[in-house]
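Asker: One structure coming up, written as structure tokens, with questions to follow.
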Amino acid sequence: MSIPTPPAAPSPTETLELLLAGNRRFVDGAPKHPNQDAARRAHLAPAQTPFAVLLGCSDSRLAAEIIFDQGLGDLFVVRTAGHVLGAEVLGSIEYGTGVLGCRLVVVLGHDSCGAVAAARLAVKEGLPTSGYVRDVVERVTPSVLAARAAGLERDGDIIDEHVRHTVDVLLDRSRVLADLVEAEHAAVVGMSYQLAEGSARIVTTRGVTLPA
């Protein structure tokens, strides 16, 4: 897979700053709703040039373009319950970075995550799950077990552990992304979103300098 380097692509740090600034606007109740008009829609019709890949939970309260105050064509979004990783998710992220040229991947978890709660219950009480929900629970379970081994009990701490675990697995399984990070062409940031406050905070980073 070729790895283009668009000259106008913002750096990972600049991209992170854009997202954090948008989230601050959202928290403050003063979003700009950029790039959401007919002109933007027409401009994007021939091709897309998003500036970040976002892997988030499928939770209906976690709409990335809204909480980061972005618009059409800004984010390449992949969402699964509990932001679990499968081959199709890894392929989508590699497409966003290796083909579309996005230089930042964000893994976005959140408090009161149903997938994490189900995995915690399965570990604690051994309750079975049915259908493909079981696959989601099984992929979240290693994070819950790691949190338990570290003595973590608070929901926020366990969510953070799951975000860190997802970032680690993502870089371990995707050679394409790991090479981009090693070459300082891309970076990965794990974040946790607070549902009531609307704020997203940084949990872990790989290959990016944190904004001041």
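The values are calculated or read from the model by the stated rules, or taken from the named source; none is laboratory data. Nothing here was measured: the structure is a model prediction, and the numbers come from that model. Don't worry about glycine lacking a Cβ; one is built from the backbone with ideal geometry, like all the others, and counts go over all protein chains shown. Side chains included, ligands, DNA and RNA excluded: accessible areas come from the protein's heavy atoms. Shrake-Rupley method; radii C 1.70, N 1.55, O 1.52, S 1.80 Å.
Asker: What number goes with the only condition from (1) modelled with pLDDT under 95; (2) in contact with a strand residue (DSSP E or B) (Cβ under 9 Å, 6 or more places away or on another chain) that Asp155 does not pass?
Answerer: Answer for Asp155: the failing condition is (2).
Asker: Can you give me the number of residues within the stretch 162-212 that are in a loop (DSSP other than H, G, I, E, B) and surrounded by fewer than 23 Cβ atoms within 10 Å (Cβ to Cβ)?
Answerer: The total comes to 16.
Asker: Going through the stretch 167-186 one residue at a time, which ones are free of Cβ contacts under 8 Å to residues at least 40 places away in the same chain, in contact with a strand residue (DSSP E or B) (Cβ under 7 Å, 6 or more places away or on another chain) and within 18 Å of Thr13 (Cα to Cα)?
Answerer: Val181, the sole residue that qualifies.
Asker: Would a scan of the stretch 136-158 turn up a residue that is without any contact (Cβ under 8 Å) to a residue 60 or more places away in the chain, under 22 Å from Gly91 (Cα atoms) and loosely packed, with under 13 Cβ neighbours inside 10 Å?
Answerer: No, every residue in the stretch 136-158 fails to be without any contact (Cβ under 8 Å) to a residue 60 or more places away in the chain, under 22 Å from Gly91 (Cα atoms) and loosely packed, with under 13 Cβ neighbours inside 10 Å.
Asker: OK, next. For the stretch 71-92, name all the residues that are touching a residue at least 40 places away in the same chain (Cβ under 8 Å) and more than 24 Å from Asp160 (Cβ to Cβ).
Answerer: Within the stretch 71-92, just Asp74 meets the criteria.
Asker: Still on this structure, I have one more. For Ala122, state whether it is of a type in the set (Gly, Ala, Ser) and either open to solvent by less than 20 Å² (accessible area, probe 1.4 Å) or touching a Ser or Thr at 6+ places or on another chain (Cβ under 6 Å) (or both).
Answerer: So Ala122 fails the test.
Asker: Considering only the stretch 179-208, how many residues are closer than 14 Å to Val106 by Cα and not charged (D, E, K, R)?
Answerer: Count: 16.
Asker: Can you confirm whether Asp172 is in contact with a helix residue (DSSP H, G or I) (Cβ under 8 Å, 6 or more places away or on another chain), modelled with pLDDT of 95 or more and charged (D, E, K, R)?
Answerer: yes
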